[in-house]
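A short worksheet on the structure shown next.
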Amino acid sequence: MNRTHFTFTGVAVASLIALAGCASNAGSDSMPGMDHGGSGTSVSPSANSSDAGHNAADTMFARMMIPHHAQAVEMSDAMLAKTDIPPAVTALAVKIKEAQAPEIDKMTAWLKSWNENATMPADGHGGHGMDGMLSDADLQKLKDAQGMEAAKLFLTQMIAHHEGAVSMAKTETSQGKNPEAVELGKDIIAAQEAEIREMQDLLAGL
């Protein structure tokens, strides 16, 4: 599936990021060695944080995955607000929200403990697009859709969204240093690849 890069600008995402804005700016904001090519975000070993507990790949993983997860929660909330959705799709939206909301809290806490800002640094990387992210227009289309149209749109959008998360998680597992962050990356890969297969089956049956 071709993936489209979008810049996250949703209000809900901004609100979640703001919760972690009190973190100290003592960490390194710039991401030297960051490679925007390909489907993932590559960080060179030279970009390691001075903190022995994590490196720049860990920081970037958390910074990018927080808003990515936040949009998945927002998409799920959009479905749960509707009353004419197939039960299996509603159940999936509940599962996604229940899994990803706590992970947002976990990653936000990591960034605070690492003295890293939760927001992207204002050095040109703040507008970095992420695989699978919906544009504001696409998100609004999901919120406006009803019934079977909404269910199919949700599944199609969330499959691409999950594929983007898996791509970022694979970058973390290969380049990250913090054991907890790497483990979360592995968990995201396993869980979301399974959900991608589930959504593909659901979509085929609608």
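The values are calculated or read from the model by the stated rules, or taken from the named source; none is laboratory data. This structure is a prediction, so every number in the text was calculated from the model and none was measured. A quick note on method: Cβ atoms are made from the backbone with ideal geometry, for glycine too, and the neighbour counts reach across all protein chains shown.
Quick notes on this structure:
- Pairs where the first residue, in the stretch 133-148, is within 23 Å of residue 87 (Cα to Cα) and the second is exposed (fewer than 15 other Cβ atoms within 10 Å of the Cβ) and among the acidic types (Asp, Glu), C-beta under 9 Å, 6+ apart: 146/84; 147/84; 148/84
- For the stretch 103-132, the tally of residues that are under 17 Å from residue 75 (Cβ atoms) and modelled with pLDDT of 95 or more stands at 2.
- Residues that are part of a loop (DSSP other than H, G, I, E, B) and out of contact with any strand residue (DSSP E or B) (no Cβ under 7 Å at 6 or more places or on another chain), drawn from the stretch 130-150: 132, 145, 146
- Given (1) crowded, with 22+ Cβ neighbours inside 10 Å; (2) at pLDDT 95 or above, number of the condition residue 160 does not satisfy: (1)
- The set of residues in the stretch 149-165 being acidic (Asp, Glu) and more than 16 Å from the chain's Cα centre (by Cα) consists of 149 alone.
- So residue 95, is it basic (Lys, Arg), closer than 24 Å to residue 150 by Cβ, at pLDDT 95 or above and not in a loop (DSSP other than H, G, I, E, B): yes
- Residues that are under 12 Å from residue 156 (Cβ atoms) and surrounded by 15 or more Cβ atoms within 10 Å (Cβ to Cβ) within the stretch 186-206 comprise 196, 199, 202, 203, listed in sequence order.
- Qualifying residue in the stretch 111-132 (condition: over 13 Å from the mean Cα position of the chain (by Cα), aromatic (Phe, Trp, Tyr) and under 17 Å from residue 70 (Cα atoms)): no
- Among the residues listed as 70, 52, the single one being hydrophobic (A, V, I, L, M, F, W, C) and at pLDDT below 95: 52
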